[in-house]
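The values are calculated or read from the model by the stated rules, or taken from the named source; none is laboratory data. On a predicted model such as this, the values are computed, not experimentally measured, just so you know. Counting neighbours? That spans all protein chains shown, and the Cβs are built from the backbone with ideal geometry, glycine included.
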Amino acid sequence: MVLNIVVVGVGGQGVLTLSKILGACAVEAGVKALVAETHGMSQRGGSVIVHVRVGNDVCAPTVPLREAHVMIALEMLEGARYLNYVNPEFSLSIVNDKVLRPPIPGAKVPEKETMLKAIKSHSALTVVVNASEEAIKLGNPAGANMFMLGFLAGLLEFMGLSMQGCCTNRTPHPSADLGKANAAIFKRGLMEASALLERIGEGEVTELPWLRRGFFKT
Amino acid sequence: MLGNEAIARGALEGGMGLAAAYPGTPSSEIVESLLKVKNKLGIYVEWSVNEKVAFEVSYAAAISGVKSLVAMKHVGLNVAADPLMSSAYTGVRESFVIVTADDPSMWSSQNEQDNRLYGVHAYIPVFEPSDPGEAKELCKFAFEFSSKVRHPVILRTTTRLSHTRGPVPLGTIPRLTTRGEFTRKKEYVLTPSNARKDREAMLTRWERIMDEVNAVPFNRIEGDGKNLVIASGIAYAYVKEIIASGKVGDGWRILKLSTPYPVPRKLLLEATEGVEKVLIVEELEPVVEKEVKAILYEEGITVELHGKDLIGLPYEMSHERVYSALKSFTEGRKPRVLATSNAKESLPVPPRPPTFCPGCPYRPLFYAIRRYLNRKKLSYVAAGDIGCYALAHNPPYNLQDVIIEMGGSIGTANGFAHVLDSVILAIIGDSTFFHTGIPPLVNAVWHRTPIVVVILDNEITAMTGHQPSPTTRGASATENYIPLESVVKGLGVNFVEAIDPFNVTQVENTLSRAIEYASKQREPAVIIARRKCALSALRSLRRAGIKLPLFKVDLSKCIKCGTCYNAFACPAIYPDKEGRAHIDPGLCVGCGTCMQVCPVNAIVPVDHSDTYKLQKGLIEKFWR
């Protein structure tokens, strides 16, 4: 059993930090995880994708095209960019309600609705979250990644990986205030995940074959 | 653990006493993690000024009996190629492991050369791991192997290995020998008569190495069937996963290789016994493929053999490529489309190339240079170099016309100046200047070449993750600060001026004088643009718990000219539908440079001006 996750966003949004903690916690919970990062040139405000693969059968570091179970998009344009990794049959896309315009003269960003429509049509289930907004409210304007980490930890915990304690220990705390803010943002994400899990199978919230208790036990 | 950290750990478990490197993606974290434990373990670890020096530092330790490692990115080995070739001639007294981190798909490099070929060229065995866990074990083994055969070895890693995190079981670190003993021997003095003897001795060692690789435990045969796949390095991970998935049927035998060069002959012959077809899966060049073809020919074995014809040559490995190759292989057809890049977009979205960070001192610098050149309508060539400033190649700055290698800016500027009548600018960073920028500047002084060199001094090697450089002030008690002015003046440059890149007017004025000086005096002029990398400044500000000033746009004044978001192009500034500028408080770092570029002074601090002045005074020292 392998869970394929792609984490996408803009360099500087904390895509690497999020993925690194996620991978470390999965390993600590006793499951193999590979996290393939992009560094250097691709990090400076550019488009970033990190591949996270969790499961003892994992050998190769990258997620095959159209085989991501989860796409975490810290930014919507980047979510729309990497749709070749998601699959309309089973993918869950968690999209931050945030658009960052590429700072290129005359750059034309598609309308939010257009991007969301594309993401929705490529995914089995799309959840839009206010990660950036919540992060600002809770005291770290750059903490959207902690929200997403909380969200993922909630999903993985439900699927049978004990994540919460490890993640709480590892959320960055460059200063006391930021540490507190990050912990609060993480918790907020965790709560959103629980809320989603409760709604699964109801109305517009499609059931996903892999999103079940004991995924990591079988 | 990151693949690179695993390599560092493996080196320690292998008994390493000294390491040297020049940073370069994807290799940097190897020596970075060794530096963290340097004092605790009492070993010697350094960032060297360039790869050639790092190689020599490490080589000297190895011929003095101290197990050593040198690490660099693939193109770094080009810089160190001279001592590399010689090191195989002399051999070593103790382990000498040369780590080369290759970058298939060019995630952060100017090319995707396959450094296994350096092994072929130099008679040095090449080891290649398939995942982070194996990287640790293989690195440790490489130390043992090198010590046994008294010969340097190359450990080749790639981006997807170096920058992949995975579980790595730890072993013990033995007592590390850090003091050596040098015994004078003719072998180390490559005068022609000694070199001839060394050449013969090397070929004798090579015979032994070709035999020893058969016993390397990381090379093995797995499974059984009539189809043989030979997979080297990370390609093995993809092959294993796809065969295990059952998507390509069964009947597969795999020869997993961790020594792509030399290919273990005995093991290969064992693997090919009774098979009908052979497929070689490896990233980039057909190194293993050519070896296998040669060996099979020598042994008189004829078997259907495929490799690059099915798997394709450029770019990194992927599930899709391996699947398509295995499918074509079993079905006996040519692949429909030879898999190349993974990048395909589903919705047309604008590209997002990497850009200068908010607060980066290079943004106002390039903005000012661009504005000056436009205003004066000057014909110019901007010779560029390797570093964050390479991003100035992109719009709106368009100020890197040639980027080929480290130090190439001043070197090519020398040539342009002799054949063109334009203003010739060379733009180079501080670390890159020390790396390979000094000889071409000496050349320019020597030959009175009229060029303007702009050295961007952010006091750190920024692009690769903030490793110290000779310009880093107060890095540690064991490192000196070398001010660029003293070096440049010492080389004989007469026009040397240091400026603050945050001051747009000062940049333009100084540039104007430097251009005039170079053209009138017919000799080089050097401008040093000095300000800390925004990421380092912000890190220390954050640690100090200092609140950053924020800025906003007075929308009643904004004339929608777009200067701030299109020409200055700070990622924190974006237009609304009407074209009025807005500042994103989540991205703005409070550098305040945008205030200078707004033609109508519409950008103002959010806080009251007195509070802002106080704040500015407080944060300024973190930026300098």
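Table for the structure above
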quantity: The stretch B:554-599, subset out of contact with any helix residue (DSSP H, G or I) (no Cβ under 7 Å at 6 or more places or on another chain) and in a helix (DSSP H, G or I), residue nearest to the other protein chains (Cβ to nearest Cβ); calculated: B:Asn566
quantity: Candidates A:Thr17, A:Thr38, filtered to the one that is more than 7 Å from chain B (Cβ to nearest Cβ), among the β-branched types (Val, Ile, Thr) and not in a strand (DSSP E or B); calculated: A:Thr17
quantity: Criterion violated by A:Gly23 - all others in (1) crowded, with 24+ Cβ neighbours inside 10 Å; (2) more than 9 Å from every other protein chain (Cβ to nearest Cβ) satisfied; calculated: (2)
quantity: Looking only at the stretch B:557-612, and only at residues there that are free of Cβ contacts under 8 Å to residues at least 12 places away in the same chain and acidic (Asp, Glu), the one that is surrounded by the fewest Cβ atoms within 10 Å (Cβ to Cβ); calculated: B:Asp610
quantity: Condition met for A:Phe215 (part of a helix (DSSP H, G or I), away from chain B (no Cβ under 14 Å) and surrounded by 16 or more Cβ atoms within 10 Å (Cβ to Cβ)); calculated: no
quantity: Helices (runs of 4 or more DSSP H) contained in the stretch A:99-174 and holding at least 2 residues away from chain B (no Cβ under 14 Å); calculated: A:144-158, A:164-170
quantity: Qualifying residue in the stretch B:16-35 (condition: within 14 Å of chain A (Cβ to nearest Cβ), under 21 Å from B:Pro104 (Cβ atoms), in a helix (DSSP H, G or I) and hydrophobic (A, V, I, L, M, F, W, C)); calculated: yes
quantity: Matching entry among B:Pro353, B:Pro364, B:Pro439 (being in a loop (DSSP other than H, G, I, E, B) and of a type outside the set (A, V, I, L, M, F, W, C)); calculated: B:Pro353
quantity: Residue match in the stretch B:115-138 (condition: hydroxyl-bearing (Ser, Thr, Tyr), crowded, with 24+ Cβ neighbours inside 10 Å and assigned to a strand (DSSP E or B)); calculated: no
quantity: Qualifying residue in the stretch B:155-173 (condition: more than 30 Å from the chain's Cα centre (by Cα), without any contact (Cβ under 8 Å) to a residue 40 or more places away in the chain, outside any helix (DSSP H, G or I) and assigned by TED's automatic domain parsing to the domain that holds B:Tyr44); calculated: no
quantity: Residue that is farthest from the other protein chains (Cβ to nearest Cβ), among those in the stretch B:285-335 that are in contact (Cβ under 8 Å) with a residue 12 or more places away in the chain and on the phi > 0 side of the Ramachandran plot; calculated: B:Gly312
quantity: Checking A:Leu196 against (1) crowded, with 18+ Cβ neighbours inside 10 Å; (2) within 23 Å of A:Gly11 (Cβ to Cβ); (3) at pLDDT 90 or above, the condition it does not meet; calculated: (2)
quantity: Members of the stretch A:1-14 found to be touching a strand residue (DSSP E or B) at 6+ places or on another chain (Cβ under 9 Å), part of a loop (DSSP other than H, G, I, E, B) and within 24 Å of B:Val589 (Cβ to Cβ), listed by number; calculated: A:Gly11, A:Gly12, A:Gln13
quantity: So B:Thr449, is it over 27 Å from B:Cys570 (Cα atoms), β-branched (Val, Ile, Thr), outside the structural domain of B:Ala54 (by TED's automatic domain parsing) and outside any loop (DSSP other than H, G, I, E, B); calculated: no
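Table: residues versus (1) out of contact with any His (no Cβ under 6 Å at 6 or more places or on another chain); (2) among the charged types (D, E, K, R).
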site: B:Ile221; (1), (2): yes, no
site: B:Asp224; (1), (2): yes, yes
site: B:Val248; (1), (2): yes, no
site: B:Trp252; (1), (2): yes, no
site: B:Thr272; (1), (2): yes, no
site: B:Leu279; (1), (2): no, no
site: B:Glu316; (1), (2): yes, yes
